[in-house]
Amino acid sequence: MFLALQAGCELADVELVQFHPTGMVSPEDWAGTLVTEAVRGEGGHLTNKDGERFYVSATMRSAWSFPRVTGWAMAVYTEIMEGRGTPNGGVYLDISPPL
């Protein structure tokens with residue numbers, strides 16, 4: 001969208017654009033690889049650099065539908081901006097089985 005604006009295009013209905021909030025940042029060979037929604041929908045949860053879980057939804061499956069996905073992405077952004085991100089500039093997606 002930024003490039004379109006820079007080129008002089010007019011944007012409309014941008015609130016309807018959905019994005020994919022979970023991708024790999026490390027290792028470098030995997031950077032940019034998207035993580036399927038099935039991983040998150042089946043119980044994967046976010047933790048910060050201290051191992052603290054954040055953005056816990058009552059129904060994780062429904063947490064992936066629009067517009068709730070923006071809440072998830074905002075929670076990740078907040079953790080990183082407040083200094084709780086990982087050394088690679090992200091957060092962790094914990095997919096280990098429940099104990």
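The values are calculated or read from the model by the stated rules, or taken from the named source; none is laboratory data. Just so you know, these numbers come straight off a predicted model, no measurement behind them. With ligands, DNA and RNA removed, areas are computed over all heavy atoms of the protein, side chains included. Shrake-Rupley method; radii C 1.70, N 1.55, O 1.52, S 1.80 Å.
Before moving on, here are some points about what is shown:
- Put F2, F54 in order of accessible area, highest first, and with a 1.4 Å probe you get F2, F54.
- G23 long-range amide H proximity, modeled H, under 5 Å: V35
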